[in-house]
Amino acid sequence: MVDGGGDGRPPSVDALARSISDVALPHPLLIDAARAAIAAGDPASARSRALELHVRLLRPVVNATGILLHTNLGRAPLSFHRDAARYSNLELDLATGRRGSRHERVATLMARAAGAEAALVVNNGAAAVLLCLAATAAGRSVVVSRGELVEIGGGFRIPEVMASSGARLVEVGTTNRTRISDYSAALAGGEDVAALLKVHQSNYRIVGFTETVEVGPLSRLGPPVIYDLGSGLLDRTVPWLKGGPPRWLAGEPAVRQSLEQGAALVTFSGDKLFGGPQSGIIAGRFDLVAACARHPLARALRPGVLILDALQETALAYLRREGAAIPFWRMATTPVEDLRARAEEIVAKTSAAAGVVECASLAGAGSLPGLEIESAGVALEGDLAAALRCADPPVIARVHDGLTVCDLRSVDPSDDLVVASALSAAGERA
Ligand SMILES: *Cc1c(COP(=O)(O)O)cnc(C)c1O
């Protein structure tokens with residue numbers, strides 16, 4: 001504790017900042033904490049203010065929520081390390097020594113993995129939809145079913161994205177039922193229709209008296225079909241998994257099959273069921289992908305080298321059919337007996353009174369709503385979420401019915417000891 005020298009005056013900002021220099025923050029941020037503490041008439045709070053700032057910095061956490069693609073926790077985890085201190089051949093063709101394209105190499109791998117003529121990578125799924133519409137339909141009409149005018153979250157609403165792309169929205173059908181005749185009536189209505197947009201109901205379900213039109217019949221109407229798949233399952237037959245499609249994938253539509261059925265372009269996120277870094281992928285017809293790449297927005301939406309590198313790694317894993325090399329797929333398909341065995345080990349290593357519990361994990365990020373993956377975890381009485389967040393690295397758990405649960409499906413086995421010691425520490429504090 002620093003005071004003004006015993007005469008009751010507040011300490012100087014600088015002296016106070018120096019007195020908390022053990023908090024691992026740059027000096028200007030310690031100054032901010034000291035200044036705020038003095039302004040609040042509580043110089044002693046400088047340290048806790050600095051620690052609060054420190055805790056807010058971006059850092060790795062252990063995801064024990066069982067939600068594999070948690071948007072708050074960065075969606076898909078990556079098992080990828082890059083020597084970022086080195087330069088890369090981002091826009092250099094090593095064969096010729098001439099300028100190359102940052103887009104081409106990863107996009108080619110993505111297209112190959114998806115069975116598409118061509119592909120383009122942008123910053124996220126929202127950017128992919130925006131660019132497709134802007135490049136293929138600005139100033140013209142795009143037909144969408146009223147059942148697919150969705151909000152994805154984070155402010156992504158189809159009518160608004162459509163408006164910003166410069167395309168005109170033509171709504172057809174109703175919330176629960178849209179027929180092929182609704183689309184053909186719109187086409188016959190004299191509108192200058194550039195495309196038909198289909199949006200996957202990725203984060204909600206319409207059940208009961210419903211009817212939608214599949215990509216196949218839609219694509220036979222004439223205009224190109226743009227299919228915003230969002231969740232990015234690459235292939236329904238999941239050739240990268242040994243055991244075939246898991247039950248929880250249910251009827252999730254996939255990129256390869258949508259293209260086979262006639263979609264001209266599909267868009268999806270790189271960090272949902274694809275299991276890669278945050279990115280958006282446009283895949284499909286060569287001429288339409290080229291139009292997207294030529295559009296001025298493509299330059300504004302282009303990804304950086306860290307993303308392209310991680311995406312390349314993920315695409316190569318798919319092409320090698322190595323689902324286990326993709327953390328999302330490895331975690332999603334770990335047998336529940338393995339999780340139970342790990343939970344027992346953790347309970348044995350936890351000093352607090354913990355127990356093994358059955359859990360239900362979720363894909364998350366608006367993918368596969370309502371579909372649960374059988375799982376196992378460790379539970380402790382009471383709400384220990386805040387105490388677990390204080391662990392290093394922080395452990396993010398779920399609190400349910402008066403129990404704090406660490407679902408192990410979303411925890412890498414190398415973090416099991418972290419979970420055990422965080423539970424022990426939290427249990428002692430409680
Ligand atoms: C998630 C999603 C998006 C947005 O993708 P981001 O990568 O989050 O920008 C768009 N459309 C659908 C159908 C989605 O599921």
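Among the residues making up the stretch 176-205, those that are under 24 Å from Arg157 (Cβ atoms), among the aliphatic types (A, V, I, L, M) and more than 16 Å from the ligand (Cβ to nearest atom) are Ala186, Val193, Ala194.
I'd like to know if the stretch 102-111 contains one or more residues that are under 26 Å from Ala185 (Cα atoms) and away from the ligand (no atom under 15 Å from the Cβ). No - not one qualifying residue is present in the stretch 102-111. In the set Ala85, Ala76, only one residue is assigned to a loop (DSSP other than H, G, I, E, B) and surrounded by fewer than 22 Cβ atoms within 10 Å (Cβ to Cβ); that residue is Ala85.
State which residue is nearest to the ligand (Cβ to nearest atom) when the search covers only the stretch 344-370 and only residues that are part of a strand (DSSP E or B) and surrounded by fewer than 16 Cβ atoms within 10 Å (Cβ to Cβ). Let's see the steps before the verdict.
Just the residues of the stretch 344-370 that are part of a strand (DSSP E or B), to begin with: 355-364, 367-370.
Cutting the leftovers down to surrounded by fewer than 16 Cβ atoms within 10 Å (Cβ to Cβ) gives us 355, 358, 360, 369-370.
Numbers: Gly355: 36, Glu358: 29, Ala360: 21, Pro369: 10, Gly370: 15 Å.
Only one residue fits best here, namely Pro369.
Considering (1) under 28 Å from Ile152 (Cα atoms); (2) in contact with a helix residue (DSSP H, G or I) (Cβ under 8 Å, 6 or more places away or on another chain), the lone condition that Ala385 does not fulfil carries the number (2).
Among the numbered conditions (1) modelled with pLDDT of 95 or more; (2) part of a loop (DSSP other than H, G, I, E, B), the only one that Glu252 does not meet is (1). A single entry from Gly323, Gly244, Gly275, Gly284 fulfils the requirement of being farther than 19 Å from Leu196 by Cα and within 16 Å of the ligand (Cβ to nearest atom): Gly275.
Just one of (1) over 26 Å from the mean Cα position of the chain (by Cα); (2) within 16 Å of the ligand (Cβ to nearest atom) fails for Ala137. It is (2). Within the stretch 143-157, the set of residues being in contact (Cβ under 8 Å) with a residue 12 or more places away in the chain and under 15 Å from Ile206 (Cβ atoms) comprises Val144, Ser145, Arg146, Gly147, Glu148, Leu149, Val150.
Only one entry of Glu91, Glu117 meets the criterion of being in contact with a Phe, Trp or Tyr (Cβ under 7 Å, 6 or more places away or on another chain), more than 16 Å from the ligand (Cβ to nearest atom) and of a type in the set (D, E, K, R), and that entry is Glu117. A search for C-beta distances below 6 Å between a residue of the stretch 78-90 that is more than 12 Å from Val305 (Cβ to Cβ) and any residue that is among the charged types (D, E, K, R), counting only pairs 6+ apart in sequence or on different chains, returns Phe80/Glu313. Summed over the stretch 232-259, residues that are loosely packed, with under 14 Cβ neighbours inside 10 Å and among the charged types (D, E, K, R) total 2.
Taking first residues from the stretch 211-235 that are farther than 21 Å from Arg146 by Cβ and within 16 Å of the ligand (Cβ to nearest atom) and partners that are in a loop (DSSP other than H, G, I, E, B) and charged (D, E, K, R), the Cβ contacts under 8 Å between residues at least 6 apart in sequence or on separate chains come to Ser231/Glu252; Ser231/Lys272; Gly232/Lys272; Leu233/Glu252.
Yes/no per residue for (1) more than 19 Å from the chain's Cα centre (by Cα); (2) closer than 16 Å to Ala119 by Cα; (3) within 12 Å of the ligand (Cβ to nearest atom):
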| site | (1), (2), (3) |
| --- | --- |
| Glu252 | no, no, yes |
| Ala300 | yes, no, no |
| Leu308 | no, yes, no |
| Tyr318 | no, yes, no |
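Hey, among the residues in the stretch 297-334 that are of a type in the set (Val, Ile, Thr) and closer than 19 Å to Gly125 by Cβ, which one's surrounded by the fewest Cβ atoms within 10 Å (Cβ to Cβ)? Only one residue tops the list, namely Ile307. Within the stretch 396-404, can one find any residue that is in contact with a Ser or Thr (Cβ under 8 Å, 6 or more places away or on another chain), among the small types (Gly, Ala, Ser) and buried (at least 19 other Cβ atoms within 10 Å of the Cβ)? Yes, the stretch 396-404 contains at least one residue that is in contact with a Ser or Thr (Cβ under 8 Å, 6 or more places away or on another chain), among the small types (Gly, Ala, Ser) and buried (at least 19 other Cβ atoms within 10 Å of the Cβ). Taken residue by residue, the stretch 378-386 has no member that is of a type outside the set (D, E, K, R) and in contact (Cβ under 8 Å) with a residue 60 or more places away in the chain. The set of residues from the stretch 396-421 being under 18 Å from Ile67 (Cβ atoms) and of a type in the set (A, V, I, L, M) comprises Ile396, Ala397, Val399, Leu403, Val405, Leu408, Val411, Val419. Taking the stretch 134-247 as the region of interest, the strands (runs of 3 or more DSSP E) fully inside it that hold 1 or more residues being among the aromatic types (Phe, Trp, Tyr) and closer than 22 Å to Phe286 by Cα are 225-230.
The values are calculated or read from the model by the stated rules, or taken from the named source; none is laboratory data. Please read all numbers here as calculations on a predicted model, not as lab measurements. Positions of Cβ are backbone-derived with ideal geometry, glycine not excepted, and every protein chain shown enters the neighbour counts.
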